[in-house]
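J.: Below are the structure tokens for one structure; questions will follow.
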Amino acid sequence: MLTKSSDFLQEYCATVVRIGAITPIEGSDFLGSTLVNGFSIIVRKDMISEGDVMIYCPIETQLNSEFLAINNLYEFSLRHMNYNYEAVEAAIEQDGLEIAKRMVGFFNKYGRVRILKLRGQASMGFLVNPENIKDWIGSPLSSFDFSQHVGEDFDTVNGEQFIQVYIPPRKPQPEKYTKDQRRQRRIEKISRMVPGEFSFHYDTQQLNRNMHRFNPDDSVDISIKMHGTSICLGNVLVKKPKQFKFRLFNWLHSLLPLKWQKLELGYDVVYSSRTVIKNADLNDTLNSNGGYYGSDVWGEYAKLFGPYIPEGMEIFGEIVGYVTGTQTPIQKGYDYKCKPGDNKLYVYRIRTKQSDGTHKEWELQDIREWLQFVTTNPDLKDKIDIVPIVYHGSLRDLYPEISVDHHWHENILAALKQESAFGMEELEPLCNNKTPREGIVLRIEGDPIAEAFKLKCISFLEKEAKQVDKGELNLDV
């Protein structure tokens, strides 16, 4: 009944949970705070108790519209969308607005789960009573026991999409292509990619949900999470037009339509944003597709840094600052001390292809050592750097005062959330503008799995939510 769709994203899914201890909130007789999947949730103590089985929905997700309507969860201004609309209208006439408003929810027309502040504390999600799910699905769930599925993640129920990532609506932008670019788009596309050679960056998991993966004596690297746009540069094997011994043959060969040309394997720089390879086809050229920003900031770094990347190496990083030559920030407010028109690439991951075809993940310390050549290169020294590393060592040594015998994982997570030495919940000192730090990223040294865990500041999430409301958030595509 509880399944994962083909578009499943753990960061934006629902989870069956059992409510733990509820801590009273000072100044309130009926509100309390509890931790769910590592996130603080504000609950009504007269409606939710310790031990209850609930469905947790994280912030910045979108819930099924029919589910919201059946359970009368749309806000008062949208009461016509709820199933109890007539009853609410009758209550307005008979009992007044205050009573009628208690009969509806607080969701907007998009069904978005937002971060909320109650009594000065942030509530990082929405809890759904399993009975509300049953009211939506009906008889197929009548005998379904949610208590037997505590800990399960899902985004569909009985084949129906229940939850998904919230994507802010955007007005369609007219395509701005030059005459040559329009002509290029009409040319037949033939992929030059070789399966398994190039990879996008893996999804960074939430530390809140994965703190149990860490042990006190694990050696960890903690780095600053930069707020820009992702890039991957790889000098990888691709399909290329065959090169002949004589120049005349090469010239004649290049005149043939691409589908008739002979191809061979060779190394070349491929570059991408977080989700889109920018030069995946044989007839793609650098800066041929500006994408979201109207300027190919990714291609600029492919030209600049590509010649220094050895064969078989892929570099992952974050471009921050401004779109080249413009006053447009890559992410609003986050200048990272770049001058308008300038930007910088911070590298956070490298992997290299081994002789046996497998790939080696580099430790952050090794990346820092390899990047030393950048400091003596006049073309790169102000453009390329490693992400700032703020701690290297064990979590036991970082917080020796925290007992490893009593709720160590929960207490370490709580300490990291407020760690001033890492700039948590403070203004970003790497920026001239006054804007909150995004957060930190933890990696386990020697981890056999390529993975990292992010911990975002609540102040950043609140700012991001407001930007989404205003339609100002740049999408990292």
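The values are calculated or read from the model by the stated rules, or taken from the named source; none is laboratory data. From a predicted model like this one, the values you see are computed outputs, not experimental measurements. Methodologically, a virtual Cβ is constructed for each residue, glycine included, from the backbone with ideal geometry; neighbour enumeration extends over all protein chains shown. Only protein heavy atoms, including side chains, enter the accessible area calculation; ligands, DNA and RNA are left aside. Shrake-Rupley method; radii C 1.70, N 1.55, O 1.52, S 1.80 Å.
J.: Find the accessible area per residue for the chain; the probe is 1.4 Å, ligands and nucleic acids are left out, and the unit is Å². List each step's numbers first, then the result.
T.: Details: 24360 Å² over 477 residues.
I get 51 Å² per residue for this part.
J.: Treating only the Cβ atoms of Lys and Arg (+1) and Asp and Glu (-1) as charged, compute the dipole magnitude of the chain about its Cα centre; round to the nearest 20 debye. Numbers along the way, then the final one.
T.: Details: 57 positive and 66 negative charges, 535 e Å.
It comes to approximately 2580 debye.
J.: What is the local net charge at Glu86, summed over the other residues whose Cβ is closer than 12 Å to its Cβ (Lys, Arg +1; Asp, Glu -1)?
T.: Result for the neighbourhood of Glu86: -1.
J.: I've got another one for you. Note down the net charge around Ser459, summing +1 for each Lys or Arg and -1 for each Asp or Glu among other residues with Cβ under 9 Å from its Cβ. Could the numbers behind the result be given before it?
T.: Values: positive: Arg437, Lys463; negative: Glu425, Glu426, Glu462.
Local charge sum for Ser459: -1.
J.: For Lys434, Lys239, Lys466, Lys225, give me the order by solvent-accessible area with a 1.4 Å probe, most accessible first, ignoring ligands, DNA and RNA.
T.: Working: Lys434 180, Lys239 70, Lys466 130, Lys225 40 Å².
From most exposed to least exposed: Lys434, Lys466, Lys239, Lys225.
J.: I want the local charge near Trp408. Using Cβ-Cβ distances under 14 Å, sum +1 for each Lys or Arg and -1 for each Asp or Glu among the other residues. List each step's numbers first, then the result.
T.: On the way: positive: Arg213, Arg396; negative: Asp217, Asp218, Asp397, Glu401, Asp405, Glu410.
Its environment carries a net charge of -4.
J.: Still on this structure: Roughly how much of Thr324 is accessible, in Å² to the nearest 10, using a 1.4 Å probe?
T.: My reading of the accessible area for Thr324 is about 60 Å².
J.: Also: Heavy-atom accessible area of Ser142 with all protein chains present, probe 1.4 Å, nearest 10 Å²?
T.: Rounded to the nearest 10, that gives 80 Å².
J.: Probe radius 1.4 Å, ligands and nucleic acids left out: which of Thr34, Thr326, Thr358 has the largest accessible area, and how do the rest follow? Kindly include the intermediate steps, with their values, before the conclusion.
T.: Numbers: Thr34 5, Thr326 45, Thr358 70 Å².
Ranked from most to least accessible, the order is Thr358, Thr326, Thr34.
J.: Of the heavy-atom accessible surface of segment 330-446 (probe 1.4 angstrom), what whole percent is carbon and sulfur? Could the numbers behind the result be given before it?
T.: Values: 2770 of 5930 Å².
Taking all protein chains in place, segment 330-446 shows 47 percent carbon and sulfur surface.
J.: What accessible area, in Å² to the nearest ten, does a 1.4 Å probe give for Arg18?
T.: 120
J.: Of Leu116, Phe8, Cys232, whose Cα points farthest to the positive end of the dipole of the chain (charges on the beta-carbon: +1 Lys, Arg; -1 Asp, Glu; origin at the Cα centre)?
T.: Positive-end residue among those listed: Cys232.
J.: Starting from the Cα of Lys45, draw a straight line to each of the lysines and keep only those under 30 Å, dropping any in the same chain fewer than 8 residues away.
T.: Counting by Cα, and skipping residues close in sequence, Lys45 has these lysines nearby: Lys101, Lys109, Lys117, Lys134, Lys417, Lys456, Lys463, Lys466.
J.: Report, in listed order, any pair from Lys189/Lys278; Lys339/Lys434; Lys278/Lys454 with a Cα-Cα distance greater than 19 Å. Mind dumping the intermediate values first?
T.: Details: Lys189/Lys278 13 Å; Lys339/Lys434 15 Å; Lys278/Lys454 27 Å.
Long pairs (Cα-Cα over 19 Å): Lys278/Lys454.
J.: Please get the size of the charge dipole for segment 407-468, origin at its Cα centre, with Cβ charges of +1 on Lys and Arg and -1 on Asp and Glu, quoted in debye to the nearest 20. Spell out each step's value before the answer.
T.: Details: 8 positive and 11 negative charges, 51 e Å.
Around 240 debye, computed over segment 407-468.
J.: Please report, in debye to the nearest 20, how large the charge dipole of segment 1-47 is about its Cα centre when each Lys and Arg carries +1 at its beta carbon and each Asp and Glu carries -1 there. Spell out each step's value before the answer.
T.: Working: 4 positive and 5 negative charges, 36 e Å.
In total the dipole reaches around 180 debye.
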